[in-house]
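Participant: The following block contains the structure, expressed as structure tokens.
The values are calculated or read from the model by the stated rules, or taken from the named source; none is laboratory data. Quick caveat: nothing in here was measured; it's all calculated off a predicted structure. FYI the Cβ positions are ideal-geometry reconstructions off the backbone, even for glycines, and counts take in every protein chain you see. In case anyone asks, the SASA skips ligands and DNA or RNA and just uses the protein heavy atoms, side chains included. Shrake-Rupley method; radii C 1.70, N 1.55, O 1.52, S 1.80 Å.
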Amino acid sequence: MEAATIIRAADHRRERWRNGAGWTRQVHARPSRTPGHDWDWRLSIAEIEADAPFSSFPGVDRELVLLEGNGLRLRFADGEARELLPPRDRLRFAGERALVGELIDGPTLDFNLMWRRDAIEAQLWHRPLVGSMAVFAEPGSTWVLYQLAGQGRFEASTGLGPLQAGDTALLPGGEGRTRYLLDGGGELLVIRLTPVPATTPAAAPASTPPSR
């Protein structure tokens with residue numbers, strides 16, 4: 001079984017966008033088992049300091065969540081325009097779509113979830129953390145908890161330390177259903193990532209968010 005782990009905000013790797021038009025802080029990239037692909041899913045935080053075209057990611061779906069700043073306008077080449085406004089607007093779109101990110105009023109930080117649609121199904125929720133939250137990871141799945149604000153602490157049996165604002169917990173499923181219990185206060189992004197069933201090309205219905 002892959003071990004659960006916490007990625008600290010201070011350990012993010014800063015790197016250029018694929019098209020060189022901006023900077024991102026890579027949180028984690030899950031290596032792909034498919035030849036020709038670097039990863040199956042990836043978490044990063046985009047630093048947008050000026051209007052800029054987004055990189056193209058064919059075969060990838062992505063979801064962008066506004067973390068900080070006064071807003072970001074996503075202007076797509078097909079004519080659609082969507083605004084991400086405070087506090088936590090988000091948008092899911094195909095990585096092939098050409099678009100420009102336009103700042104509404106100053107720089108923004110944006111959480112960026114990307115996944116290869118032929119390999120992974122992904123769901124993302126924005127949830128308050130008030131008291132206890134239980135996550136049940138099925139075999140083959142990975143849950144991600146990104147602490148937006150406040151702090152949390154996992155039960156001692158997990159061996160995980162506290163979760164501070166900006167930290168990310170990776171919670172894999174084991175051979176059976178694995179339970180993780182987090183207690184604290186604040187806000188979370190909660191993400192569920194599961195492999196696409198080999199015999200079922202259509203996406204499965206969105207799963208139920210974790211219980212509180």
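Participant: Could you look through the range 44-61, keep only residues that are assigned to a strand (DSSP E or B) and over 20 Å from residue 107 (Cβ atoms), and pick out the one that is most open to solvent (accessible area, probe 1.4 Å)? Spell out how you get there, then give the answer.
Facilitator: Step one: of the range 44-61, the residues assigned to a strand (DSSP E or B) are 44-48, 52-53, 60-61.
Checking which are over 20 Å from residue 107 (Cβ atoms) leaves us with 60-61.
Numbers: 60: 9, 61: 36 Å².
The residue in question is 61.
Participant: Based on this model, can you work out whether residue 53 counts as out of contact with any Pro (no Cβ under 6 Å at 6 or more places or on another chain), under 25 Å from residue 169 (Cβ atoms) and not β-branched (Val, Ile, Thr)? Break it down into steps so the answer makes sense when it comes.
Facilitator: On the way: out of contact with any Pro (no Cβ under 6 Å at 6 or more places or on another chain): yes; under 25 Å from residue 169 (Cβ atoms): no; not β-branched (Val, Ile, Thr): yes.
So residue 53 does not fit the description; no.
Participant: Could you please give the count of residues in the range 87-128 that are open to solvent by less than 50 Å² (accessible area, probe 1.4 Å), touching a residue at least 40 places away in the same chain (Cβ under 8 Å), within 24 Å of residue 70 (Cα to Cα) and in a strand (DSSP E or B)?
Facilitator: Looking only at that region, the number is 13.
Participant: Can you name the number of the only condition in (1) loosely packed, with under 14 Cβ neighbours inside 10 Å; (2) among the hydroxyl-bearing types (Ser, Thr, Tyr); (3) part of a strand (DSSP E or B) that residue 157 fails?
Facilitator: Among (1) loosely packed, with under 14 Cβ neighbours inside 10 Å; (2) among the hydroxyl-bearing types (Ser, Thr, Tyr); (3) part of a strand (DSSP E or B), residue 157 violates only (3).
Participant: Still on this structure: Among the residues of the range 166-206, count how many are within 16 Å of the chain's Cα centre (by Cα) and at pLDDT below 75.
Facilitator: Residues of the range 166-206 that are within 16 Å of the chain's Cα centre (by Cα), as a first pass: 166-172, 187-195, 206.
From what is left, the residues that are at pLDDT below 75 are 206.
Number satisfying all stated conditions: 1.
Participant: Now for a separate question. Considering only residues of the range 17-42 that are in contact (Cβ under 8 Å) with a residue 24 or more places away in the chain, within 25 Å of residue 105 (Cα to Cα) and assigned to a strand (DSSP E or B), which is farthest from the chain's Cα centre (by Cα)?
Facilitator: Checked the range 17-42; the qualifying residue farthest from the chain's Cα centre (by Cα) is 23.
Participant: Within the range 1-25, take every residue that is buried (at least 17 other Cβ atoms within 10 Å of the Cβ) and of a type outside the set (Ser, Thr, Tyr) and give me the one that is nearest to residue 140 (Cα to Cα).
Facilitator: Keep residues of the range 1-25 that are buried (at least 17 other Cβ atoms within 10 Å of the Cβ), which gives 4, 6-7, 12, 17, 22, 24-25.
Next, from what is left, pick out any that are of a type outside the set (Ser, Thr, Tyr): 4, 6-7, 12, 17, 22, 25.
On the way: 4: 13, 6: 19, 7: 20, 12: 25, 17: 30, 22: 34, 25: 26 Å.
Among residues in the range 1-25 that are buried (at least 17 other Cβ atoms within 10 Å of the Cβ) and of a type outside the set (Ser, Thr, Tyr), the one nearest to residue 140 (Cα to Cα) is 4.
Participant: Among the residues of the range 63-86, which ones are assigned to a strand (DSSP E or B), open to solvent by less than 20 Å² (accessible area, probe 1.4 Å) and not aliphatic (A, V, I, L, M)? Give the steps one after another, and end with the answer.
Facilitator: Step one: list which residues in the range 63-86 are assigned to a strand (DSSP E or B), which gives 63-68, 72-76, 81-84.
Narrowing the set further to residues that are open to solvent by less than 20 Å² (accessible area, probe 1.4 Å) leaves 63-66, 72, 74, 76, 84.
Of everything in the range 63-86, those that are assigned to a strand (DSSP E or B), open to solvent by less than 20 Å² (accessible area, probe 1.4 Å) and not aliphatic (A, V, I, L, M) turn out to be 63, 76.
Participant: Applying the selection to the range 1-16, what residues are touching a Pro at 6+ places or on another chain (Cβ under 9 Å) and assigned to a loop (DSSP other than H, G, I, E, B)?
Facilitator: Those that are touching a Pro at 6+ places or on another chain (Cβ under 9 Å) and assigned to a loop (DSSP other than H, G, I, E, B): 1, 2, 3, 4.
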